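The next block holds one structure in the form of structure tokens; read it before the comments.
The values are calculated or read from the model by the stated rules, or taken from the named source; none is laboratory data. Everything numeric here is computed off the predicted structure, so don't read it as measured data. All Cβ positions, glycine included, derive from the backbone under ideal geometry; neighbour counts span all protein chains shown.
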């Protein structure tokens with residue numbers, strides 16, 4: 001929401017070595033499976049070891065990747081994000097925090113936590129909370145083919161749960177792996193997180209993932225890393241099954257307006273100009289919703305924000321919303337256009353009434 005605060009005494013002594021570490025950062029496309037387009041790009045560091053007498057320190061590779069990815073993010077295609085790998089043990093490193101603080105607002109940035117270890121979760125949570133408050137989203141995946149256990153996933157509150165090669169490799173011939181992804185998808189829905197299937201290497205794997213409703217995919221078949229912003233190959237788009245759910249246009253008729261503000265301090269105290277509004281939506285500079293405030297007990301309380309595209313079928317929206325934890329299940333949803341900009345809120349009462357009218361045969 002706001003900018004990441006600079007830490008007193010943040011270590012900037014690593015700046016020179018990181019820039020001179022012989023690290024080239026490429027970008028690998030991340031597929032929006034439903035639309036067959038690029039949802040984002042993952043920063044991939046390549047180390048030119050032949051130029052160096054000594055191995056490049058991990059922190060130097062990480063900081064260089066952050067520098068390059070955040071600089072390149074200024075030219076990101078519309079409605080895409082940049083994913084930046086950060087090892088869990090370096091999430092709170094002073095050099096890493098300094099680089100992210102220098103960038104300020106982190107909207108459109110996904111910090112992909114790698115090299116996961118349950119023992120390090122507690123130490124990483126404060127830094128991740130700061131990055132999230134600055135607008136970043138968090139992705140979590142396990143070390144190599146392993147996955148973090150449930151408790152660690154919940155504590156880190158990721159926006160994306162990344163599934164490695166052990167989940168996706170040969171999924172077209174392994175029913176047990178399909179079942180595992182379905183169960184993980186249910187967990188992701190309760191956390192309002194998305195699944196990203198990594199290491200997709202064949203058309204058959206991608207087709208099964210699409211049939212399972214996995215929203216994001218990455219791997220050699222989806223597209224290899226390259227400079228600038230690589231496009232999704234034609235063979236990848238051709239491999240996707242025809243869309244089985246098409247926009248029904250209902251959400252546009254159910255939208256309601258809400259008071260919006262670009263002032264992050266709205267989450268800490270009631271703005272005088274927002275008095276009388278039941279809901280306040282905090283948006284960033286691109287008018288994308290980053291927080292939702294609900295009026296209760298004489299004040300506005302921040303609640304988790306769930307966003308849905310205005311062209312999403314209404315049944316899909318209700319299914320996602322009802323997968324939320326019970327205490328947030330009936331909180332309004334923030335509706336966005338194709339560029340992620342806020343266009344209105346959706347009250348669960350109106351969505352449920354629409355479904356009930358349709359079931360009873362009443363005109364909607």
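The condition (being closer than 28 Å to residue 325 by Cβ, surrounded by 17 or more Cβ atoms within 10 Å (Cβ to Cβ) and free of Cβ contacts under 8 Å to residues at least 60 places away in the same chain) is satisfied by just one residue among 210, 193, 199: 193. Sub-6 Å Cβ pairs linking a first residue in the stretch 351-364 that is modelled with pLDDT of 60 or more to a second residue that is surrounded by 13 or more Cβ atoms within 10 Å (Cβ to Cβ) and in a helix (DSSP H, G or I), at least 6 apart or interchain, are 351/318, ordered by first then second residue. Among the helices (runs of 4 or more DSSP H) confined to the stretch 169-260, the ones with at least 2 residues that are in the same structural domain as residue 111 (by TED's automatic domain parsing) and over 30 Å from residue 347 (Cβ atoms) are located at 175-191, 203-211, 234-239.
Can residue 127 be described as surrounded by 18 or more Cβ atoms within 10 Å (Cβ to Cβ), over 30 Å from residue 177 (Cβ atoms) and assigned by TED's automatic domain parsing to the domain that holds residue 76? Yes, satisfied. Can you tell me which of (1) part of a helix (DSSP H, G or I); (2) touching a residue at least 12 places away in the same chain (Cβ under 8 Å) is the one residue 74 doesn't meet? Looking at each condition in turn, residue 74 falls short on (2). Being under 26 Å from residue 137 (Cβ atoms), at pLDDT below 85 and in contact with a helix residue (DSSP H, G or I) (Cβ under 7 Å, 6 or more places away or on another chain) is a description that does not apply to residue 268. Every condition in (1) modelled with pLDDT of 75 or more; (2) surrounded by fewer than 20 Cβ atoms within 10 Å (Cβ to Cβ) is met by residue 161 except one, and the failing one is (2).
Just wondering, is there one or more residues in the stretch 330-344 that are farther than 24 Å from residue 79 by Cα and in a helix (DSSP H, G or I)? The answer is no, given that none of the residues of the stretch 330-344 is farther than 24 Å from residue 79 by Cα and in a helix (DSSP H, G or I).
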